[in-house]
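The values are calculated or read from the model by the stated rules, or taken from the named source; none is laboratory data. This is a predicted model, so every value here is computed, not measured. We place every Cβ from the backbone using ideal geometry, glycine too, and count neighbours over all the protein chains shown. Please note that ligands, DNA and RNA were not included when accessible areas were found on the heavy atoms of the full protein model with its side chains. Shrake-Rupley method; radii C 1.70, N 1.55, O 1.52, S 1.80 Å.
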Amino acid sequence: TFTDASVDRAAVLRAVEAAVTAPAPHHTVPWRFVLVEERATALLDAMAERWAQDLRADGFSQDSVERRLRRGDVLRAAPYLVVPCLVADGAHDYPDERRARAEERLFLLAMGAGIQNLLVQLATEGLGSAWVSSTLFCPDVVGAVLELPDDWQPMGAVAVGHAASAPPPRPPRDHRDHVLVR
């Protein structure tokens with residue numbers, strides 16, 4: 001959860017500066033970051049409506065739809081939102097599916113690295129953040145509300161603010177559960 005304290009845009013811009021230092025394929029710069037300062041409510045309302053439509057079409061009850069929609073409360077409670085977008089300018093066009101999928105993964109990995117750099121720098125700035133995947137499920141809605149160029153692919157949303165409390169401790173993870181040595 002976040003306090004009501006405002007977020008300094010300059011701190012967010014410093015985080016974007018860190019984000020765009022991530023590695024990327026073919027000397028490209030595939031990251032774009034939308035600082036959502038004026039259209040947050042319109043964006044979140046439109047996204048919620050799309051999600052509710054999708055859930056009802058999947059057969060969920062109204063109670064279940066409302067419960068799932070509350071998962072977006074972290075975005076609504078955030079004093080600041082950032083929508084990272086992937087722009088695959090400079091991606092190679094391969095005629096076969098194997099290499100085309102590999103090229104797509106290269107850009108997605110670069111985007112993930114950029115988002116991670118953004119989150120780390122936000123923490124360095126003393127800000128709390130949470131990456132939420134929701135924009136991936138309604139890129140057309142996000143593009144329309146934020147008036148994005150057609151080639152900007154929303155890659156989630158980042159809630160940014162001053163943490164109301166320290167995050168709960170995460171359970172320890174044994175690295176041996178995640179390593180294979182050959």
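Is there a residue being open to solvent by 30 Å² or more (accessible area, probe 1.4 Å), under 28 Å from residue 16 (Cα atoms), part of a strand (DSSP E or B) and not hydrophobic (A, V, I, L, M, F, W, C) anywhere in segment 120-136? Yes.
Within segment 114-160, can you find the residues that are small (Gly, Ala, Ser) and in contact with a Ser or Thr (Cβ under 9 Å, 6 or more places away or on another chain)? Before you say what the answer is, go through the steps one by one.
Filtering segment 114-160 down to residues small (Gly, Ala, Ser) leaves 114, 123, 126, 128-130, 133-134, 143-144, 156-157, 159.
Residues satisfying the conditions are 114, 123, 128, 156, 157, 159.
Could you please let me know if residue 83 is within 22 Å of residue 149 (Cα to Cα) and not basic (Lys, Arg)? Criteria met by residue 83.
Taking the criterion of being of a type in the set (A, V, I, L, M, F, W, C) and over 28 Å from residue 6 (Cβ atoms), would at least one residue in segment 114-123 satisfy it?
Keep residues of segment 114-123 that are of a type in the set (A, V, I, L, M, F, W, C), which gives 115, 118-120, 122-123.
With over 28 Å from residue 6 (Cβ atoms) added as a condition, the list becomes none.
Checked segment 114-123: no residue is of a type in the set (A, V, I, L, M, F, W, C) and over 28 Å from residue 6 (Cβ atoms).
Only a single item in (1) open to solvent by 50 Å² or more (accessible area, probe 1.4 Å); (2) closer than 25 Å to residue 4 by Cβ is not met by residue 106, and it is number (2). Of all residues in segment 92-116, none that is at positive phi and β-branched (Val, Ile, Thr) has its Cβ atom under 7 Å from the Cβ atom of a residue that is part of a loop (DSSP other than H, G, I, E, B) and surrounded by 12 or more Cβ atoms within 10 Å (Cβ to Cβ), 6 or more apart or on another chain. Does any residue in segment 48-69 that is touching a residue at least 12 places away in the same chain (Cβ under 8 Å) come within less than 8 Å, Cβ to Cβ, of a residue that is open to solvent by 70 Å² or more (accessible area, probe 1.4 Å) and of a type in the set (Val, Ile, Thr) six or more places away or on a different chain, and which pairs are these? So the pair list comes out empty.
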